[in-house]
Each structure stands twice: as C-alpha cells, then as structure tokens.
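One structure below.
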Amino acid sequence: MPSLLFAGSPSDPATFPADQPIETKMNLGLFGLLGGGMSYSIGGKPITRYKDFKTLIYTQDDREACDLIHSAQQARYAAWMLYWSGVAVGADVAIFFKPTPVLHIPWFDRLATGFVATQIFWAVGAIFDSDGEARKYNAVQRYNHLLAGKDGVFLGFTPQVCMVGQDLGLDLDRPF
C-alpha cells in the first residue's frame, strides 16, 4: 500500500534525456519469441509507455518517425481490441451455441468450440500486434539515426498519373 501512495501519478510522463539514443535489446525468452520481444531503454531506464516514446520522438520533429510511432500505437490498440473481443466471442460461442462434438463430453465440447472461436480473433490480433511492434522498432531506429545527426541523401521516385495524348500514362517525379 505505501508503494502505491508514493509511486506518483501514472499519467505523469517519465523524464528521459532527449540527447541520448534509445537502446534496444531483444528478449529471446518464451514470450519474447511469441511477439513483443524488444525492450527499450535510455541509460538503463526502461521505456514502456507509448506516451514516453511519443515525447522523445516528437522532439525530433521528423514526420516519418512521428507517423511510425503513432501508427504503432494504433496497431497495438487494434490488437488489444481483437484480443478482448476474442474472449467475449469465445465465451458467447461456448455458452449460447451448440458445440461441435469432439469428445462427446458436453462441457469439454463447449470449451473447445469457444476456444477455437477465441483463437481466430487472437490470431488476427497477433498480426496487428506484430505490425505495431515492427513500426515501433522502426520509429526508434529512425529516432536514433536522426539523433546521431547523420546526413543522408534521398533519391526517390514518385509515380504520378498523367495524360499522354488521349491515354493515361505514368510520370515519375524525381526529388533529390
């Protein structure tokens, strides 16, 4: 109980130095292999909340990194919505629908049918979760690259639809 009183508000952002790169470390434990296997820290202090990531990354004022961390948070939110929806749908299927006979034991067949319904939602949620983790990692790498101050050259091609005579054609815009 005393630790809850002196812990501070969970909405208060932690203070991280904005002049140090974010360190990444891969977790190869059982749950690390199943997804979410990266841990992030600055100076040994772990970064776990998206609010802290946004505070650090938004200070660089780089649109790509900001978009990556924002879309990572949205993908994580969608994944958790699918996880909880899967639990609700699985319970609904187990209670209200006729089970598929597996062992011809009514309670086991209901649980098995509900679990299969849950797993469908969890599989799609895991795809969103993995995508969110990949985007977060890319945002951190972009942040570290910008923090290092490395100048880079960009050569990109942007296709645009244009009129060529009476037909549609493809024009390439070349920014340097």
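The values are calculated or read from the model by the stated rules, or taken from the named source; none is laboratory data. Worth saying up front: this structure is predicted, and the values here are computed from it rather than measured. Please note: Cβ atoms are built from the backbone with ideal geometry, for glycine as well, and neighbour counts cover all protein chains shown. Ligands, DNA and RNA are stripped out before the accessible areas are found, and what is left, the full protein with its side chains, is counted by its heavy atoms. Shrake-Rupley method; radii C 1.70, N 1.55, O 1.52, S 1.80 Å.
For residue 66, the solvent-accessible surface with a 1.4 Å probe is about 30 Å², rounded to the nearest 10.
With the whole protein complex present, residue 133 retains an accessible surface near 30 Å², based on a 1.4 Å probe.
Mind giving me the FRET efficiency for residue 120 and residue 51? R0 is 30 Å, r the Cβ-Cβ distance, nearest 0.05 is fine. The value I calculate is 0.45.
Between residue 26 and residue 85, take the C-beta separation as r, use R0 = 25 Å, and let me know the FRET efficiency to the nearest 0.05.
Taking R0 as 25 Å, the efficiency between residue 26 and residue 85 is 0.25.
With all projection directions averaged, the alpha carbon convex hull of region 45-155 covers 10.2 nm². Summing charges over all other residues whose Cβ lies under 15 Å from the Cβ of residue 46, with Lys and Arg as +1 and Asp and Glu as -1, gives +3.
Taking a Cβ cut-off of under 13 Å around residue 130, the surrounding Lys, Arg, Asp and Glu residues balance to a net charge of 0, with basic ones at +1 and acidic ones at -1. Given a 1.4 Å probe and the protein chains as shown, residue 80 ends up with an accessible area of around 110 Å².
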